[in-house]
Amino acid sequence: MAAPGQPSAPKRRRRTRRIVISLVVLIALLVAADFGAAAVFEYQVSKRAREQFHLTDDPSVKVHGFSFLAQAISGEYGHVAIDAKGVPVQDTLRDLEVHVDLMGVIAPLGDLVSGKLQGVRVREVEGQVRVKASDITRALLQNENPLVSSITNLTIDPISEQDAQTDPDKRTDAEQAAAERAAELETDNDTKAGARICATADLGGEETDFCAYGLITLVEAKAHFVPSRLELTNSVLGTGQLPDAFEAGITGWLKQLSLDPGQLPFTVTPTAVNVEPGVLSVKGKAFDVVLGGSGG
């Protein structure tokens, strides 16, 4: 039996259960409110990013960190990511992917709730534009070459800067060791990157598979391809090299490959180029910018 003046065990269990249920409901309501408030903020940023990118659809916006409401009360959000796909630039680049990381986003809670939020201030922006193989194909075909009538199955893959400039099969052991040491020092934040571009082309009426090895370099915000050697295969040549004059014509044509991804979002200055399987990317940083205002 319970002591006089004390609730019985069943009553204590019922009271504890009610308290637990109430806490669960309260937490659920707080989480729902947190997600709801985050959705409102993400919509506001997405709408302004759509204007900034000149898009037909709203880009994806994600607020990182928990909780959103704690960040909203402070008026500053640590990390907001924006992703937009199918961004066109002129006639050649039609399917760019844009990724932007906004660090230190200033958006007062009162302006957010009232709907009066205008320019969103951002302490630091890192922007990246990714160019797919399909756009690289269009860029190549824009540069007319009497030796090339078509290109299909184009791929782009990363290689070390050393392998881009010299053939690994022709190095001495010492040269190979030096190349491996140099490759270990390469970073993703450089103005050049090794690339292998392969495709099937109609060269002088003969279907030819080729791979071009060289450097992608960033010059005045544009990515240029500088090939150092070619490997070709067709039914006439087998595997090997074209006659010098023929190869010079193809190499000169590949050197004309220049990709201008347009101004990076929020006046970000391009500072690095990188190659990933199937993608060429250009990225850079900016500080103290405004999203959706006159300063963007």
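Scanning the stretch 68-95 for residues that are among the aliphatic types (A, V, I, L, M) and either out of contact with any helix residue (DSSP H, G or I) (no Cβ under 7 Å at 6 or more places or on another chain) or at positive phi (or both) yields A70, A81, V89. Among residues of the stretch 122-139 that are within 10 Å of V268 (Cα to Cα), those with a Cβ under 9 angstrom from a residue that is among the polar types (S, T, N, Q) and buried (at least 19 other Cβ atoms within 10 Å of the Cβ), sequence gap 6+ or separate chain, pair up as Q128/N274; Q128/S281.
Among the candidates L257, L264, the residue that is at pLDDT 80 or above and surrounded by 18 or more Cβ atoms within 10 Å (Cβ to Cβ) is uniquely L257. Restricting attention to the stretch 197-219, the residues being at pLDDT 85 or above and surrounded by fewer than 18 Cβ atoms within 10 Å (Cβ to Cβ) number 6.
Restricting attention to the stretch 175-196, the residues that are modelled with pLDDT under 85, surrounded by 13 or more Cβ atoms within 10 Å (Cβ to Cβ) and polar (S, T, N, Q) total 1. Checked against (1) surrounded by 14 or more Cβ atoms within 10 Å (Cβ to Cβ); (2) more than 22 Å from the chain's Cα centre (by Cα); (3) hydroxyl-bearing (S, T, Y), T172 meets all criteria but (1).
Consider the stretch 162-193 and keep the residues that are part of a loop (DSSP other than H, G, I, E, B) and not hydroxyl-bearing (S, T, Y). The one that is farthest from K283 (Cα to Cα) is R171. Residues that are in a strand (DSSP E or B) and of a type in the set (D, E, K, R) were ranked within the stretch 79-104; the one that is farthest from the chain's Cα centre (by Cα) is R94. Counting the residues of the stretch 60-73 that are surrounded by 21 or more Cβ atoms within 10 Å (Cβ to Cβ), outside any helix (DSSP H, G or I) and in contact (Cβ under 8 Å) with a residue 24 or more places away in the chain gives 1.
The values are calculated or read from the model by the stated rules, or taken from the named source; none is laboratory data. These figures come from a predicted structure and were not determined experimentally. Every residue, glycine among them, receives a Cβ derived from its backbone with ideal geometry; neighbour counts consider all protein chains shown.
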